[in-house]
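K.L.:
Once you've had a glance at the structure underneath, I'll fire off some questions.
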Amino acid sequence: MNHSAFSKTFLQELTEVIEKINVKDVERLALELLNLRERNGRLFVLGVGGSAASAAHAVCDFRKLCGIEAYAASDNIPELTARTNDDGWENVFCEWLKVSRISDKDALLIFSVGGGVSEKNVSVNLIRAINLAKEIGAKVFGIVGRDGGYTKARGDCVVLIPDITNSGRVTPYTEALHSVIWHCLVSHPKLQLNKTKW
């Protein structure tokens, strides 16, 4: 590919991906989040790597703009690293959720490119957190890429960012669209209580 054409191709492919997102799933997630707020449930947002950064930003927006009590498990680095050291990386989120006293009123929101794949030992910490949530009756939401992995298979409401371009850029497209989807949600008239500054 001509390097001068890369930026145009990247943005064109991203537009194609956006057009394939199931808007009904986004609307369903907005309604689920409204129901969560109305039952005074908490939203626990989980992600690894770039998705952890998305989790932190999304928690801010859900709290400030929508009045949803929300927390990101990866925000407390000392606890995250202590649990990794003592309990193993695969258990960091489920053990954090236990101390947070996750209940059937609450929900997880998973940000992930692959959604967790147990056969490949990928994002097992998300898989174990999902299993814990399902055991206690909490809802599982997700915004995930590829085929959605474990999150899509077990989730109650999951928005899939489809991998349609065969470009090898599933990670940047998915992680970029995590932000677009959650910003759509926090701007949604069903959810937004407080306006943004600009």
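K.L.:
Filter segment 124-168 down to the residues that are modelled with pLDDT of 95 or more and charged (D, E, K, R), then identify the one that is farthest from the chain's Cα centre (by Cα).
P.N.:
Looking at residues that are modelled with pLDDT of 95 or more and charged (D, E, K, R), I get 135.
K.L.:
Kindly check whether there is at least one residue in segment 91-102 that is within 19 Å of residue 49 (Cα to Cα), among the polar types (S, T, N, Q) and modelled with pLDDT under 95.
P.N.:
No, segment 91-102 contains no residue that is within 19 Å of residue 49 (Cα to Cα), among the polar types (S, T, N, Q) and modelled with pLDDT under 95.
K.L.:
Tell me yes or no: at least one residue of segment 7-24 is small (Gly, Ala, Ser) and closer than 23 Å to residue 181 by Cβ.
P.N.:
Taking every residue of segment 7-24 in turn, at least one turns out to be small (Gly, Ala, Ser) and closer than 23 Å to residue 181 by Cβ.
K.L.:
Within segment 58-142, which helices (runs of 4 or more DSSP H) (wholly inside it) include 2 or more residues that are small (Gly, Ala, Ser) and either under 25 Å from residue 39 (Cα atoms) or in contact with a helix residue (DSSP H, G or I) (Cβ under 6 Å, 6 or more places away or on another chain) (or both)?
P.N.:
Fully inside segment 58-142 and qualifying: 124-136.
K.L.:
Moving to a separate point now. Check segment 5-20 and report whether any residue there is closer than 25 Å to residue 116 by Cα, assigned to a helix (DSSP H, G or I), touching a residue at least 60 places away in the same chain (Cβ under 8 Å) and touching a Cys at 6+ places or on another chain (Cβ under 9 Å).
P.N.:
No, that holds for no residue.
K.L.:
Do we have residue 74 as free of Cβ contacts under 8 Å to residues at least 60 places away in the same chain and under 13 Å from the mean Cα position of the chain (by Cα) here?
P.N.:
Against the criterion (free of Cβ contacts under 8 Å to residues at least 60 places away in the same chain and under 13 Å from the mean Cα position of the chain (by Cα)), residue 74 qualifies.
K.L.:
Applying the selection to segment 143-166, what residues are touching a strand residue (DSSP E or B) at 6+ places or on another chain (Cβ under 7 Å) and part of a loop (DSSP other than H, G, I, E, B)?
P.N.:
Once the filter is applied, which keeps residues that are touching a strand residue (DSSP E or B) at 6+ places or on another chain (Cβ under 7 Å) and part of a loop (DSSP other than H, G, I, E, B), segment 143-166 yields 148, 155, 156, 163.
K.L.:
Quick one: what pairs do we get from segment 50-67, first residue farther than 13 Å from residue 109 by Cβ, second among the hydrophobic types (A, V, I, L, M, F, W, C) and part of a helix (DSSP H, G or I), C-beta under 9 Å, 6+ apart or different chains?
P.N.:
64/186; 65/186
The values are calculated or read from the model by the stated rules, or taken from the named source; none is laboratory data. Bear in mind that the values here come from a model prediction, so they are computed numbers and not experimental data. With ideal geometry, Cβ positions are generated from the backbone for all residues, glycine too; neighbour counts draw on all protein chains shown.
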